[in-house]
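The values are calculated or read from the model by the stated rules, or taken from the named source; none is laboratory data. Everything quoted here is computed from the prediction, not taken from an experiment. All Cβ positions, glycine included, derive from the backbone under ideal geometry; neighbour counts span all protein chains shown. All accessible areas refer to the heavy atoms of the entire protein, side chains included, with ligands and DNA or RNA removed. Shrake-Rupley method; radii C 1.70, N 1.55, O 1.52, S 1.80 Å.
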Amino acid sequence: MGESQKIIAAVIGVFVVGFLLVGISKEQESEVNPEKSKLITYASMQTMANQKCPPLIEEHTGSKVFFPTTVDSDKDTFVTMNWKGENDDKFKTASCTLRLQTSGIGVSKLVVDDKVIIDREK
């Protein structure tokens, strides 16, 4: 085998390896997309809950809330944020659940001091 044939074989080998690497990486990208989608959904629900819940709590209690004490979520369909009132707040506990539904994302339950104010989960 001459030098030019060795060079041609090496170039063809590089192209084959390149095509294989591109094919493998495309397969891995399609496997990661559901994870990315779930993360984006969870982040969207958290953002929406942080925008919707504090004004609702302030409307019904007269106290502003900022950071939830605890957050519960299945990271797919709902986010529940809980607040504990401080000394100058006009409530002891508040809980706001935001649920992902076919009609979109919305507050499905609001409970302040064990009194249910909004309940769309029925």
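A few points about this structure:
- Among 100, 39, the order of accessible area from largest down is 39, 100, computed with a 1.4 Å probe on protein heavy atoms.
- Applying a DSSP loop filter and a limit of 16 other Cβ atoms within 10 Å to the GluC sites (Glu not before Pro) in segment 52-122 leaves 86, 121.
- Once both labels are positioned 7 Å from their Cα atoms along Cα-to-Cβ, the gap between residue 7 and residue 114 label points is 8.7 nm.
- Cα long-axis angle, helix 3-61 against the chain (0 to 90 degrees, to the nearest 10): 0
- Modelled spin-label separation between residue 51 and residue 72, with each label point placed 7 Å from Cα along the Cα-to-Cβ direction: 2.6 nm.
- Entry note, the chain: relative contact order of 16 percent, from Cα contacts under 8 Å with a spacing of 6+ residues.
- Largest accessible area first, the listed residues 14, 116, 65 line up as 14, 116, 65 when surface is computed with a 1.4 Å probe on the assembled protein chains.
- Hydrodynamic radius by Kirkwood, which averages 1/r over all alpha carbon pairs of the chain, in angstrom: 18.0
- The magnitude of the dipole of the chain, with charges of +1 and -1 set on the Cβ of Lys/Arg and Asp/Glu and taken from the Cα centre, is near 180 debye.
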